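The values are calculated or read from the model by the stated rules, or taken from the named source; none is laboratory data. Worth saying up front: this structure is predicted, and the values here are computed from it rather than measured. FYI the Cβ positions are ideal-geometry reconstructions off the backbone, even for glycines, and counts take in every protein chain you see.
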Amino acid sequence: MTDSNHTSNAHAESGRAYVFAWLALLVLTLVSFGAHYLELGAFATAVSLIIAAVKAGVVALVFMHLKTESVSVRTVAALNLAWVALICVGIALDVAAH
Amino acid sequence: MAHEPAEHFENLAQQERASHLGMWLFLTSEVLLFGALFALYTGYRLEYPQDFSQAVHHNNIAIGTINTAILVTSSFSAAWAVHSARAGSRRGILGSLGITLLLGLVFLVLKGIEYKQHFDAGVFPGAFYRSEELPTHGANLFFTLYFFITGLHALHVIGGLTALTILGVFAARRHYSPENHTPLELGVLYWHLVDVIWIFVWPLMYLQK
């Protein structure tokens, strides 16, 4: 009985986590939309991309269960991030240098 | 329904871990596909900052933003399908997948309306570009990338909707139990990836000044 109670508690908890993640994603979308109309100048791009990265993090950690995945899966996910950053920064540096 | 691990696995938990790792490796290939296009965007945007800025302004920010809210909501409903599978609720799975499919279709319809607006303004990809409002080479490059990235993303939405529909049919036929619903989890992971890619497409294609 304690075992099934434990399972249903964990289940309710993960349900709440999904709801909070969804609300956070909607709020962050609104924040990003609002920031678009502020005069942030050179920081506008950085702000919108940082918010996007946080949103992607919420989806990956909560919806895609990265928080509870194995070390090998988390390593693969981290490398995703590293490779894309590497090619984007590499090209940016190259264009800036010419 | 009793289920046994395949011959080369010690037990079901090991098999499940392996299938998750395999799915994440597939998702990595998708991330690199879109990552290369984002890198191209980075390079051209630095080369044509003015042209890109004007081109972004041409895009329909209302539709882009609504579509962002739609996709993050569809990620939530897709996650809820897995949540329902863990609780053994077949109706929960089918309801959540149904909402996800509906949201995905609305996303595609809105994207289609946007494309129609572009075509009416002479905004086509590559050599077919004939916008009189934005006649610059940089704007041409921006919209070529725009059509390529959003078009490829739309194909992924269609692929994801197809997968979720098939998974829904299996769920309706009682293929999934609280202990065993790995195919549903993997299909939903794919849908989340489609959402994550759009989360970056939105600021790059609609929000930059």
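Just one of the numbered conditions (1) within 15 Å of the chain's Cα centre (by Cα); (2) more than 25 Å from A:V47 (Cβ to Cβ) is not true of B:H175: (1).
State which residue is surrounded by the fewest Cβ atoms within 10 Å (Cβ to Cβ) when the search covers only the stretch B:58-106 and only residues that are within 17 Å of B:F170 (Cα to Cα) and within 13 Å of the chain's Cα centre (by Cα). Step by step, filter the stretch B:58-106, then rank; the result is B:L101.
Taking the stated definitions as given, is B:F119 under 30 Å from A:T7 (Cβ atoms) and over 12 Å from the mean Cα position of the chain (by Cα)? Taking the combined requirement at face value, the residue does not satisfy it.
The residues listed here are A:V76, A:V27; of these, the one that is at pLDDT 95 or above and surrounded by 12 or more Cβ atoms within 10 Å (Cβ to Cβ) is A:V76. Number of residues in the stretch B:6-22 that are within 20 Å of B:P178 (Cα to Cα) and either within 9 Å of chain A (Cβ to nearest Cβ) or in contact with a Pro (Cβ under 6 Å, 6 or more places away or on another chain) (or both): the value is 5. Looking only at the stretch A:44-57, how many residues end up being more than 7 Å from chain B (Cβ to nearest Cβ) and farther than 20 Å from B:G35 by Cβ? Looking only at that region, the number is 1. Of all residues in the stretch B:126-143, those that are over 8 Å from B:D51 (Cα atoms) have Cβ atoms under 7 Å from Cβ atoms of residues that are among the hydroxyl-bearing types (S, T, Y) and assigned to a loop (DSSP other than H, G, I, E, B), 6 or more apart or on another chain, in B:N140/B:Y129; B:L141/B:Y48; B:F143/B:Y129. Take the conditions (1) over 29 Å from A:A42 (Cα atoms); (2) charged (D, E, K, R); (3) touching a residue at least 40 places away in the same chain (Cβ under 8 Å); B:D120 misses just one of them, which is (3).
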